[in-house]
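Before any comments, here is the structure.
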Amino acid sequence: MSRSGNLFVISGPSGDGKGTILREVLEQIDDGWYSISVTTRDPRFNETEGEDYYFVDDARFDELVRTDGLLEWAPVHTKRYGTPRAPIQTHIDNGEQVLLDIDVAGALQIKESMPECVMVFIEPPSMEILEARLRGRGTDSEEQIGHRLSEAVNELSLKSRYNYTVVNDELEHAVTQVVDIVDTHASDKENEDHVCSAT
Ligand code: 5GP
């Protein structure tokens, strides 16, 4: 039986392993769909246009904002990031489990406009481990690392606004928890639909 579509908003400090968790979750969920964001930041050496992000210049981003093409957007680490609006509802209506990896400011905007969304905060086990992970990935300058760490403190202060917190102490465990969250909500909807159609 196919499941009803849902929107899952995943946030957490940069370098907390969200990306890896989400890739694994998508492997384990047949009906998952990942929303690719638009950003004005430059691609990293290991990133691909249309797979990691749609990389755009400021003029194109301005146009997307002006034409209401973004479901939410926010400045993050001196650049802008946004979620293309059009595909989200389409994939939810298709019965898919839509996953967004966005910052806390964007997540709170979505909570306002789509209160039925499920908010999941991925927390690093400690600030020391977060710092080590940011250095270990070797993609950011010292200045960027410092900026991302101070942003992390702000993001962690907002985790109580989320429905769930998952501590990324061990990848497999964190992935299982996120898959369980998705399955719980997708199944709840399935049951609700069943009740509705039976009456
Ligand atoms: P990074 O530059 O490391 O890829 O991402 C930096 C931050 O931007 C991450 O915390 C990520 O969740 C956030 N981000 C990525 N895409 C979006 C988006 O579409 N909207 C918002 N608000 N944040 C995003």
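Could we say that residue 18 is near the ligand (Cβ under 8 Å from one of its atoms) and exposed (fewer than 15 other Cβ atoms within 10 Å of the Cβ) here? Quick ask: steps written out before the conclusion?
On the way: near the ligand (Cβ under 8 Å from one of its atoms): yes; exposed (fewer than 15 other Cβ atoms within 10 Å of the Cβ): no.
Answer is no for this residue.
Taking (1) surrounded by fewer than 20 Cβ atoms within 10 Å (Cβ to Cβ); (2) under 11 Å from the mean Cα position of the chain (by Cα); (3) farther than 23 Å from residue 148 by Cα in turn, residue 36 satisfies each apart from (3). Quick check on residue 110: is it part of a strand (DSSP E or B) and in contact (Cβ under 8 Å) with a residue 12 or more places away in the chain? For residue 110, the condition - part of a strand (DSSP E or B) and in contact (Cβ under 8 Å) with a residue 12 or more places away in the chain - is not met. Here 80, 44, 66 are screened, and the one residue that is at pLDDT 95 or above and either surrounded by fewer than 18 Cβ atoms within 10 Å (Cβ to Cβ) or touching a Cys at 6+ places or on another chain (Cβ under 8 Å) (or both) is 66.
The values are calculated or read from the model by the stated rules, or taken from the named source; none is laboratory data. The structure displayed is predicted, hence computed values, not measured ones. Glycine also receives a Cβ, built like all others from the backbone with ideal geometry; neighbour counts cover every protein chain displayed.
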